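Visitor: Below: one structure in structure tokens.
None of the figures in this text is laboratory data; all of them are computed from the coordinates on show. Values in this document were obtained by computation on a predicted structure and should not be read as measured data. With ideal geometry, Cβ positions are generated from the backbone for all residues, glycine too; neighbour counts draw on all protein chains shown.
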Amino acid sequence: MGCAAVRYTLDDTPPTQGSTVYTAPIPIGSATTIRFFAVDRAGNEERPHLAAYAVPAPVDTCLLVDDMDVAKPHEAAPHGLTGVDWVTGPRVNLDTHGVPTSALGGGVLFNAADVDPSKPTNAKVEIRNARLWALVELAGPTSLGWTALTAGVAWAQYNLEDFSGTRGIVPAIAADGSLRIGLPTDSVAGKFYNAEFWTRLEAIDAAAGPRVHGLAFVYEARLVLADPSLPDDLDAVRILGNAHGDYYDCVVANETCQVPAPPLRDWNIGRLKLLGRAWRRISVTNLQLADLLAYPVPALFP
């Protein structure tokens, strides 16, 4: 006689003639029990069946690409940045070197090129949840997992926009590693300032430690009022933030390289993103997208 309909439930209750009719594949995003039965064209019902599915939570690949794809340009041009290859977009250093012996994560805050940096604003950037992650071998090269190398901001400073000098004033960092920082309005020879911050320098290739396959740095940032008693002008503020990763090939002691220190190099410089009132995640990695889909960074998909 043929099957007239299949009716099912997803809430672990017995299916009835009033239950949902199956018409298309059922999307499953977590552990789910499906109870169902078929009805033929004569109205005969079979006994109900049960099927239990244990499916991992899906990875939001669109979110992942938006956060960490180094092929996309900056969301706006940074003010005063010249002479570097990442003026318009990220520096792509994916898989261009071996695993270094130490690493740190950092970020830079710029005024956008279409604003006047000499004009005071009532804005600061709040930074929290800075984490440097390493993808390491858990039980050989085919069993990998993420481990947090370090958390929180450990150091910050102001640089001239083209990185030709510093301002000599170190912003205050909270005990929990969070940071509130504004951009200065003064200049030197027509050059204004950006703000840069880093995590601690961490050894990542200790003899007794697991082999590292890749790195990721993630933090969150938003605009806040510097003085709540003054007018709110945050909607007119255009500040960009990015994430970058640096490394040394050196032995680390007391969070510094042993002398003589080798040159500091980067394992990637990420996209500059416009900040607003809502928290925004800023991230960078030296892994290929396929690796990220196989091993999503915990900070992105807790």
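Visitor: Separation between the SER229 and THR147 pseudo-spin-labels, each 7 Å from Cα along Cα→Cβ, expressed in nm?
Guide: In this crude label model, SER229 to THR147 measures out at 5.0 nm.
Visitor: Hey, rough spin-label estimate for ALA5 and LYS72, points 7 angstrom out along Cα→Cβ, what's it come to in nanometres?
Guide: My value for the distance between the label points is 4.4 nm.
Visitor: A follow-up question, please. Identify all lysines with a Cα-Cα distance to LYS72 below 17 Å; exclude those on the same chain that are fewer than 8 residues away in sequence.
Guide: Once the sequence-local lysines are set aside, what remains near LYS72 is LYS273.
Visitor: At a 10 angstrom cut-off on C-beta neighbours, averaged per residue, how do the peptides 160-171, 175-186 rank from highest to lowest?
Guide: The most tightly packed comes first, giving 175-186, 160-171.
Visitor: Contour minus end-to-end for LEU293 and ASN159, with contour as 0.36 nm per residue of separation and end-to-end as the Cα-Cα distance?
Guide: So the chain would gain 44.7 nm between LEU293 and ASN159.
Visitor: Using the Karplus curve 6.51 cos²θ - 1.76 cosθ + 1.60 with θ = phi - 60°, what ³J(HN,Hα) values do you get for each residue of the stretch 224-231, in whole Hz, with x for Gly and Pro?
Guide: 9, 6, 5, 9, x, 7, 9, x
Visitor: If R0 is 22 Å, what FRET efficiency do you get for SER187 and ARG280 from their C-beta distance, rounded to 0.05?
Guide: With R0 = 22 Å, the Cβ-Cβ based efficiency is 0.20.
Visitor: For an R0 of 45 angstrom, estimate the FRET efficiency from the Cβ-Cβ distance between THR88 and ARG41 and round to the nearest 0.05.
Guide: That gives a FRET efficiency of 0.10.
Visitor: Show me, for the stretch 77-82, the HN-Hα J-couplings you get by feeding each phi into the Karplus relation (A = 6.51, B = -1.76, C = 1.60, θ = phi - 60°), rounded to Hz, glycine and proline as x.
Guide: Values per residue, Gly and Pro as x: 6, x, 6, x, 7, 9 Hz.
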